[in-house]
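The values are calculated or read from the model by the stated rules, or taken from the named source; none is laboratory data. No experiment lies behind these values; they were computed from the predicted model shown. Using ideal geometry, Cβ is built from the backbone for each residue, glycine included, and neighbour counts are taken over all protein chains shown. Keep in mind that these areas ignore ligands, DNA and RNA; they rest on the heavy atoms of the full protein, side chains included. Shrake-Rupley method; radii C 1.70, N 1.55, O 1.52, S 1.80 Å.
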Amino acid sequence: MPRPPVKVAPPPTKGPSMGLIGGVVALVVAIIAVSVYIVVRPDPVGTGDSASISGGASSASALPNAGGIRVGDAGEDVPVVHIYEDFQCPWCGLLEQTSGAAFTKAAQAGEIQLTYTLMSFLDGNIGNDSSIRAANAAMCADDQGAFVPYHAALYAEQPEEGAGWTDEQLIETADQVGVDDIEEFTGCLDDETHFDYVRDMQTRSNQEGVTGSPRVFIDGEELGSEDMNNLLYDPTALTGILANRQ
């Protein structure tokens, strides 16, 4: 006698939709990707730990000894926030896109002391000079009081990693954000006015053990993966992070 056909249980009629499952998977993948990038960063090239730093400042808001670009004029009794970034870094672009306005607003309100170190290690990793040129351009804008809008605009127009910016694009961005003297800005680009300071920022970063980007420190303590993930995806995250450290 032939065996009766095996009964197969019908598919469940309830449960999460494929769209919801896909969304959760995408979120988990994104968090893992960010965490991996933060932990496993490329090593900088071309600037050794033994390299010397000239010690002087450069653009209007640059700190001595390659200490970075200061935003705002808050006193010493507020949280000290230090952001290390490379203009060619896509995660740095995401950080600026999501939380850049929150950092700037807090700094200009005197709620934090904010400093940016503009790194250039990706030039060596990718094989171009776009990071140092973009950082120089941002400092040229800083000479005319336009670092904040220029910094934001560069990331808003960030090309694909490795493509870089042309001089024409850097000048056009300066014009878009209202840099007053475009001729002076262009001369600053052509003369590579701030190249030495940008190189010194990378050297100092290496000496301090900061070998990739983005990295955010508050009062000298580096933020972990959870806080970084929040800053990368939640424009309100900075408020909570600062509150938890009081």
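Regarding GLN202, is this residue within 20 Å of VAL71 (Cβ to Cβ), open to solvent by less than 60 Å² (accessible area, probe 1.4 Å) and not in a helix (DSSP H, G or I)?
Details: within 20 Å of VAL71 (Cβ to Cβ): yes; open to solvent by less than 60 Å² (accessible area, probe 1.4 Å): yes; not in a helix (DSSP H, G or I): no.
Spelling it out, it is not the case that GLN202 is within 20 Å of VAL71 (Cβ to Cβ), open to solvent by less than 60 Å² (accessible area, probe 1.4 Å) and not in a helix (DSSP H, G or I).
Give the residue that is modelled with the lowest pLDDT, with candidates limited to residues of the stretch 67-81 that are charged (D, E, K, R) and part of a loop (DSSP other than H, G, I, E, B).
Going through the stretch 67-81, the residues charged (D, E, K, R) turn out to be 70, 73, 76-77.
Next, from what is left, pick out any that are part of a loop (DSSP other than H, G, I, E, B): 73, 76-77.
Values: ASP73: 88, GLU76: 81, ASP77: 91.
Among those residues, the one meeting the criterion is GLU76.
Here's the yes/no breakdown for (1) touching a Pro at 6+ places or on another chain (Cβ under 6 Å); (2) closer than 20 Å to ASP191 by Cα; (3) assigned to a helix (DSSP H, G or I); (4) of a type in the set (D, E, K, R):
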residue: GLY100; (1), (2), (3), (4): no, no, yes, no
residue: LYS105; (1), (2), (3), (4): no, no, yes, yes
residue: THR115; (1), (2), (3), (4): no, no, no, no
residue: ASN125; (1), (2), (3), (4): yes, no, yes, no
residue: ASN128; (1), (2), (3), (4): no, yes, no, no
residue: ALA135; (1), (2), (3), (4): no, yes, yes, no
residue: CYS140; (1), (2), (3), (4): no, yes, yes, no
residue: VAL148; (1), (2), (3), (4): no, no, yes, no
residue: TYR155; (1), (2), (3), (4): no, no, yes, no
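Determine whether the stretch 183-197 contains at least one residue that is more than 18 Å from THR115 (Cβ to Cβ), within 18 Å of the chain's Cα centre (by Cα) and open to solvent by less than 20 Å² (accessible area, probe 1.4 Å). Break it down into steps so the answer makes sense when it comes.
Going residue by residue through the stretch 183-197, those that are more than 18 Å from THR115 (Cβ to Cβ) are 183-193, 195-196.
With within 18 Å of the chain's Cα centre (by Cα) added as a condition, the list becomes none.
Scanning the stretch 183-197 turns up no residue that is more than 18 Å from THR115 (Cβ to Cβ), within 18 Å of the chain's Cα centre (by Cα) and open to solvent by less than 20 Å² (accessible area, probe 1.4 Å).
With respect to the numbered conditions (1) more than 14 Å from ARG199 (Cα to Cα); (2) open to solvent by 40 Å² or more (accessible area, probe 1.4 Å); (3) not in a loop (DSSP other than H, G, I, E, B), which one is the sole condition not fulfilled by GLY93?
Failing condition for GLY93: (2).
Looking at the stretch 45-66, which of its residues are at pLDDT below 85, over 15 Å from MET119 (Cα atoms) and open to solvent by 60 Å² or more (accessible area, probe 1.4 Å)?
Matches in the stretch 45-66: SER50, SER52, SER54.
Tell me which residues, restricted to the stretch 210-246, are part of a loop (DSSP other than H, G, I, E, B) and closer than 24 Å to GLU76 by Cβ. Quick ask: steps written out before the conclusion?
Initially, the stretch 210-246 is screened for residues part of a loop (DSSP other than H, G, I, E, B), giving 210-214, 219-220, 223-224, 234-236, 245-246.
Within the stretch 210-246, VAL210, ASP219, GLY220, LEU223, ARG245, GLN246 qualify.
Among the residues of the stretch 158-165, are any more than 24 Å from VAL210 (Cβ to Cβ) and in contact with a Ser or Thr (Cβ under 9 Å, 6 or more places away or on another chain)?
Of the stretch 158-165, the ones more than 24 Å from VAL210 (Cβ to Cβ) are 159-160, 163.
Next cut, in contact with a Ser or Thr (Cβ under 9 Å, 6 or more places away or on another chain) only: 159, 163.
Checked against the condition, which is being more than 24 Å from VAL210 (Cβ to Cβ) and in contact with a Ser or Thr (Cβ under 9 Å, 6 or more places away or on another chain), the stretch 158-165 yields at least one hit.
Could you figure out which of (1) of a type in the set (Asp, Glu); (2) surrounded by 22 or more Cβ atoms within 10 Å (Cβ to Cβ); (3) over 24 Å from THR239 (Cβ atoms) isn't true of GLU85?
The number of the failed condition is (3).
Yes or no: GLY212 within 17 Å of the chain's Cα centre (by Cα), buried (at least 16 other Cβ atoms within 10 Å of the Cβ), at pLDDT below 95 and not hydroxyl-bearing (Ser, Thr, Tyr)?
Numbers: within 17 Å of the chain's Cα centre (by Cα): yes; buried (at least 16 other Cβ atoms within 10 Å of the Cβ): yes; at pLDDT below 95: yes; not hydroxyl-bearing (Ser, Thr, Tyr): yes.
Spelling it out, GLY212 is indeed within 17 Å of the chain's Cα centre (by Cα), buried (at least 16 other Cβ atoms within 10 Å of the Cβ), at pLDDT below 95 and not hydroxyl-bearing (Ser, Thr, Tyr).
So the check is Cβ under 6 Å with 6+ separation or different chains; which pairs have a first residue in the stretch 76-94 that's farther than 17 Å from VAL210 by Cα and a second one that's open to solvent by 20 Å² or more (accessible area, probe 1.4 Å) and not in a loop (DSSP other than H, G, I, E, B)?
PRO79/LEU242
Report yes if some residue within the stretch 221-239 is loosely packed, with under 14 Cβ neighbours inside 10 Å and more than 18 Å from the chain's Cα centre (by Cα); otherwise report no.
Yes: the stretch 221-239 contains one or more residues that are loosely packed, with under 14 Cβ neighbours inside 10 Å and more than 18 Å from the chain's Cα centre (by Cα).
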